[in-house]
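A short worksheet on the structure shown next.
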């Protein structure tokens, strides 16, 4: 997968969508972080599974990988999940 953008691209920074519950997510995060315009990631969350996602050790480990790579994490949350989002 080629993640590079043409130098003349009008695209600014990029936030990538990713499933943080997969075992290879840390590798994908590392590849995203190597992209010059990478700003961060947005986890792919299913509305009914937000609370269980936050308790997944692999998801929390992959969040740490984002921090290690200097990527922001963009959490898209509904009002009923705000407190959970803040706990992460």
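The values are calculated or read from the model by the stated rules, or taken from the named source; none is laboratory data. Please read these numbers as outputs of a predicted model, since none were measured by experiment. Here Cβ is always computed from backbone atoms with ideal geometry, including for glycine, and neighbour counts include all displayed protein chains.
A count restricted to segment 33-44 and to residues that are modelled with pLDDT under 90 and under 10 Å from the mean Cα position of the chain (by Cα) stands at 3. The set of residues in segment 45-68 that are surrounded by 13 or more Cβ atoms within 10 Å (Cβ to Cβ) and modelled with pLDDT under 70 comprises 45, 50, 53, 54.
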